1. Any idea which of LEU50, LEU25 is of a type outside the set (Val, Ile, Thr) and in contact with an Asp or Glu (Cβ under 8 Å, 6 or more places away or on another chain)?
2. Taking the stated definitions as given, is LEU22 surrounded by 13 or more Cβ atoms within 10 Å (Cβ to Cβ) and touching a residue at least 24 places away in the same chain (Cβ under 8 Å)?
3. Restricting to region 35-67, name every residue that is open to solvent by less than 90 Å² (accessible area, probe 1.4 Å), farther than 15 Å from PRO9 by Cα and over 15 Å from the mean Cα position of the chain (by Cα).
Amino acid sequence: MDDNLHSLPRRLIELRIEHADLDSLIDQAVIEHPTDDLAVRRLKKRRLALRDMIARLEAELDPPEPA
């Protein structure tokens, strides 16, 4: 059971959920505080870092086949 809590597929799901949550936060921040560019940029930077982590994990789980 403990192995399943720390598996790569589970981590990938958690990162995707966090990425989706950040999408919502960014949309909300743009609507509610359009003048707070710094906060929006920080959220977008975090979202981009999550996207990179997701891509790395996806490549680990399903490595590309050699040509």
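1. Details: LEU25 fails: in contact with an Asp or Glu (Cβ under 8 Å, 6 or more places away or on another chain).
Step by step, each of LEU50, LEU25 is checked, and only LEU50 is of a type outside the set (Val, Ile, Thr) and in contact with an Asp or Glu (Cβ under 8 Å, 6 or more places away or on another chain).
2. Working: surrounded by 13 or more Cβ atoms within 10 Å (Cβ to Cβ): yes; touching a residue at least 24 places away in the same chain (Cβ under 8 Å): yes.
Yes: the conditions hold for LEU22.
3. ASP36, LEU38, ALA39, VAL40
The values are calculated or read from the model by the stated rules, or taken from the named source; none is laboratory data. Because the structure is predicted, anything quoted here is derived from the model rather than measured. Every residue, glycine among them, receives a Cβ derived from its backbone with ideal geometry; neighbour counts consider all protein chains shown. Ligands, DNA and RNA are excluded from the accessible area calculation, which covers all protein heavy atoms including side chains. Shrake-Rupley method; radii C 1.70, N 1.55, O 1.52, S 1.80 Å.
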